[in-house]
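S.K.: Would you mind keeping the following structure in view while I ask a few things?
The values are calculated or read from the model by the stated rules, or taken from the named source; none is laboratory data. Bear in mind that the values here come from a model prediction, so they are computed numbers and not experimental data. Cβ placement follows ideal geometry from the backbone for every residue including glycine, while neighbour counts extend to all protein chains displayed.
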């Protein structure tokens, strides 16, 4: 799953850069949104993993 969030961040970075280079503000904004979405997804995945680890330790 981390690959998906990393992909979103890379895709967003590419879109943002391309939008900036060609002067397309809409594309640049889409890139920023994709990067943010990828980062949020990454943080959520990490929190889920830590929670699952905690549950495992409590059950053990």
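S.K.: Name the single residue, out of those in region 1-35 being modelled with pLDDT of 95 or more and outside any helix (DSSP H, G or I), that is nearest to residue 47 (Cα to Cα).
M.R.: 24
S.K.: Could we say that residue 58 is at pLDDT 95 or above and in a helix (DSSP H, G or I) here?
M.R.: no
S.K.: Being without any contact (Cβ under 8 Å) to a residue 60 or more places away in the chain and surrounded by 11 or more Cβ atoms within 10 Å (Cβ to Cβ) narrows it down to one of 15, 50, so name that one.
M.R.: Working: 50 fails: surrounded by 11 or more Cβ atoms within 10 Å (Cβ to Cβ).
Of the residues listed, the single one that is without any contact (Cβ under 8 Å) to a residue 60 or more places away in the chain and surrounded by 11 or more Cβ atoms within 10 Å (Cβ to Cβ) is 15.
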